[in-house]
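Only one structure is covered here, and it is reproduced in the block below.
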Amino acid sequence: MPDEEKSIPKKVVPKKKQLDPRELTTCEATAMMLAKARNDGVELAFDRATNMKACPIGADSACCKHCFMGPCRLNSKDPYSKVGVCGATIDTIMSRNFARAVAAGCAAHTDHGMAMLDLFREVLEGHIKDYEIKNVQKLYYVAQEMGIETEDREVKDIAMDLYKELERTYTQVDGEIPFAKRVPEKTLETWRKEGIVPRGAMREIMELLHRSAIGVDQHYANITKQCSRVALADGWGGSMVATEIADILFGTPSPIAIETNMGVLKEDQVNIIVHGHEPNLFESMVASVAEPTLIQAAKDAGAKGLNLVGMCCSGLEMFSRHGTPHAGNFMSTETVLVTGAVDAMVVDVQCIKQALAQVAECYKTQLITTNPRARIEGGKHIEFHEDNPKECTDEIVIQAIGRFKNRGVEVEIPNIVNTGVHGFSHEYINYMLGGTFRASYTPLNDNIINGRIRGVAGVVGCNNPRMKQDYVHVNLVKELIKNDVLVVQTGCSQIALAKAGLTTPEAAHLAGPGLKEVCETVGMPPVLGLGACVDNSRILIACSEMVKTGGLGESIADLPVAGCAPEYMSEKAITIGQYFVASGVFTVFGVTFPIVEGTKFHKHLFEELEELGMGKWGFATDPFEIAEMMIAHIDKKRKALGIDKARERVLMDMSDRRDIDAA
Ligand code: XCC
Ligand code: SF4
């Protein structure tokens, strides 16, 4: 009976509260699919979040389970009224919990970065033949920066030297990580004074796990120091290596118009989604879907072709390198399966909800895990091996074609596609504003000094079902650009703005007059997408370039810049936040912050770090309040630099000019 075939196995959902999809997301496609999921009786994270009240003690980080005399719970309303069985105070407990999050986030990025470095080495040693160095120019550039001789030498030898140098990022037991060389002098001086220049990431993570165990480091400020060191080993270490090696092997992204949203799925094609974080898998998928025999197989199965689509961070790395379309961000990974159009969802590591297995099963989609680090019960595992990558990805295509032939579920794809320009590397910002002949950050700095651009904000990070999906990202960014703040983006936030249509040059009309003028002159959007979360390292490099170019102070802490992850959910975000703070950036987080206000640890993160020459943390959930905080900080820095007046003058000049134009 065809009807029976098409029926979806019902997971019986007991009577639970369900909010209107429009209250849960501003993403139209996601709202449509959430409504459909409910009709189909399929439960998603949105509804689970509604019915899973966050533990209030954990939310304040007022509990400790670092030993088995506990777990111990303190009272966040009266934080100093109690201590744990061992005597740990609220500050010790919160800072140790924070430390564990920082360690986990750093481990995620550095393990990813190290995997990229392994790949690089294997390519150089000739064990892997499916990849090669695509961007020799970048190899030279990074090698020279690291003090490696490049003249009259074989590319392979230079690359091997670079490999050895960058390996220190992870394994070095003493000394400073290689990319410390990129840090502005005065910022580095602050780190040295504080004793937070990372040695190697492995060592730092190990030490932080040690120090945050029962009975070791019991001073919140000292624990925070090691948190900074670990976080910096991520930002200027693991993540930066991941970005640079990916650029060297696969090419540095450059701006390209790309389609985003669920409408990129095609009913009459075999749809394969890659969701995760490592570009090597995705690169191989690109090769597999271009394989003539596989394309023919898809046609033989009645499909018009093979449609490869990205999601989350993998997607972000790929779409600017290959123009691969992107279906959505973190809170859309379940809903996209509800379309019934996904013939395979291929995942590797990080941010992959376990519930995808269940949702995939309901819609007869194959959830395929590929990384030995990450298997999911109910998922099918086809292991990816870098020395023979296509063995895995060809097989995935074959499996997806098989599912296409026999979809057995209704297909309903929201007809929404947003086209925008993405792929602004830190190198490209150089070139874009400076032109080929005078590629430099001078024009950016000049425009900041003359006030057309008030400052630069990094808006990054995840979705979190505790917030209306994309709402904070989009409204915050709109508010910032309206106030002449240039926005740079990575991660799921970048996709939120792409779906909202702000990554087009035409979006310049939403910017304030100064930023608008710059955007129109250069033909760039007011919101620049830099890629995946590891590509936050590009923002660090851009900050460093701004300092070195001159006119905006001596350290990153002097710059009129601010950062924000308004809808974060991952531990990785905490690590990123901490490395921005330690680097000198005021960083605001939304949703929730694992801390009790009014405690010493809170004061340390939110005030004292700034007094030590770093940045500081901020917290707010409302996008307009966040914007206000970030702009106030930018203005404070402008004032300290003595460029606060320029802004008003330029605005007057501009309106004068408009009056003249109109006359
Ligand atoms: Fe994950 Fe990277 Fe967060 Fe998105 S932004 S939810 S970490 S996919 Ni990185
Ligand atoms: Fe309790 Fe101290 Fe053990 Fe934590 S380390 S669980 S506060 S006894």
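The values are calculated or read from the model by the stated rules, or taken from the named source; none is laboratory data. This one's a predicted model, so the numbers in the text were calculated from it and none came from an experiment. Virtual Cβ from ideal backbone geometry, glycine too; neighbours counted across all protein chains shown. To get the accessible areas, we keep the full protein, side chains included, count just its heavy atoms, and leave off ligands, DNA and RNA. Shrake-Rupley method; radii C 1.70, N 1.55, O 1.52, S 1.80 Å.
Annotations for the structure displayed:
- So residue 278, is it within 16 Å of ligand 1 (Cβ to nearest atom) and in contact with a helix residue (DSSP H, G or I) (Cβ under 8 Å, 6 or more places away or on another chain): yes
- Some residue of segment 90-98 being within 16 Å of ligand 1 (Cβ to nearest atom), within 22 Å of the chain's Cα centre (by Cα) and closer than 21 Å to residue 578 by Cβ: no
- No other residue among 497, 540, 486, 476 is out of contact with any Pro (no Cβ under 7 Å at 6 or more places or on another chain), under 30 Å from residue 30 (Cβ atoms) and aliphatic (A, V, I, L, M) apart from 497.
- Every condition in (1) closer than 25 Å to residue 138 by Cβ; (2) open to solvent by 10 Å² or more (accessible area, probe 1.4 Å); (3) of a type in the set (A, V, I, L, M); (4) under 21 Å from the mean Cα position of the chain (by Cα) holds for residue 547 except the one numbered (4).
- Here the condition is being β-branched (Val, Ile, Thr) and open to solvent by 10 Å² or more (accessible area, probe 1.4 Å); of 487, 472, 460, 477, it holds for 460 alone.
- The listed residue being more than 21 Å from the chain's Cα centre (by Cα), assigned to a strand (DSSP E or B) and not polar (S, T, N, Q), out of 368, 398: 368
- Of the residues making up segment 358-391, those that are crowded, with 18+ Cβ neighbours inside 10 Å and small (Gly, Ala, Ser) number 2.
- For segment 557-607, filtered to residues that are β-branched (Val, Ile, Thr) and part of a helix (DSSP H, G or I), the residue that is farthest from residue 494 (Cα to Cα) is 581.
- Residues in segment 490-522 that are part of a helix (DSSP H, G or I), touching a Cys at 6+ places or on another chain (Cβ under 9 Å) and open to solvent by less than 40 Å² (accessible area, probe 1.4 Å): 491, 492, 493, 495, 496, 499, 507, 508.
- Residues (of a type in the set (Gly, Ala, Ser) and in contact with a strand residue (DSSP E or B) (Cβ under 8 Å, 6 or more places away or on another chain)) located in segment 274-300: 276, 298
- Test: residue in segment 341-355 that is free of Cβ contacts under 8 Å to residues at least 40 places away in the same chain, closer than 28 Å to residue 468 by Cβ and open to solvent by 10 Å² or more (accessible area, probe 1.4 Å): yes
- Screening residue 152 on (1) touching a Phe, Trp or Tyr at 6+ places or on another chain (Cβ under 9 Å); (2) on the phi > 0 side of the Ramachandran plot; (3) of a type outside the set (Gly, Ala, Ser) shows it passes everything except condition (1).
- Segment 550-571 - residue that is within 16 Å of ligand 1 (Cβ to nearest atom) and surrounded by 24 or more Cβ atoms within 10 Å (Cβ to Cβ) and, of those, nearest to residue 428 (Cα to Cα): 563
- Cβ-Cβ contacts under 8 Å between residues 6 or more apart (or on different chains), taken from a first residue in segment 58-74 that is touching a residue at least 60 places away in the same chain (Cβ under 8 Å) to a second residue that is open to solvent by 50 Å² or more (accessible area, probe 1.4 Å) and more than 8 Å from ligand 2 (Cβ to nearest atom), are listed as 59/592; 62/73; 62/75.
- Some residue of segment 213-234 being open to solvent by less than 10 Å² (accessible area, probe 1.4 Å), among the hydrophobic types (A, V, I, L, M, F, W, C) and more than 27 Å from residue 352 (Cα to Cα): yes
- Residues that are more than 25 Å from residue 504 (Cα to Cα) and touching a strand residue (DSSP E or B) at 6+ places or on another chain (Cβ under 7 Å), drawn from segment 244-261: none
- Where a residue in segment 82-98 is closer than 14 Å to residue 71 by Cα and at pLDDT 95 or above and its partner, wherever it lies, is near ligand 2 (Cβ under 8 Å from one of its atoms) and basic (Lys, Arg), with Cβ under 7 Å and at least six apart: none
- Scanning segment 58-85 for residues that are surrounded by 14 or more Cβ atoms within 10 Å (Cβ to Cβ) and either within 16 Å of ligand 1 (Cβ to nearest atom) or hydrophobic (A, V, I, L, M, F, W, C) (or both) yields 59, 62, 63, 64, 67, 72, 74, 83.
- Qualifying residue in segment 107-119 (condition: within 24 Å of the chain's Cα centre (by Cα), within 16 Å of ligand 1 (Cβ to nearest atom) and over 30 Å from residue 61 (Cα atoms)): yes
- Within segment 603-613, being within 18 Å of residue 565 (Cβ to Cβ) and open to solvent by 10 Å² or more (accessible area, probe 1.4 Å) holds for one residue alone: 606.
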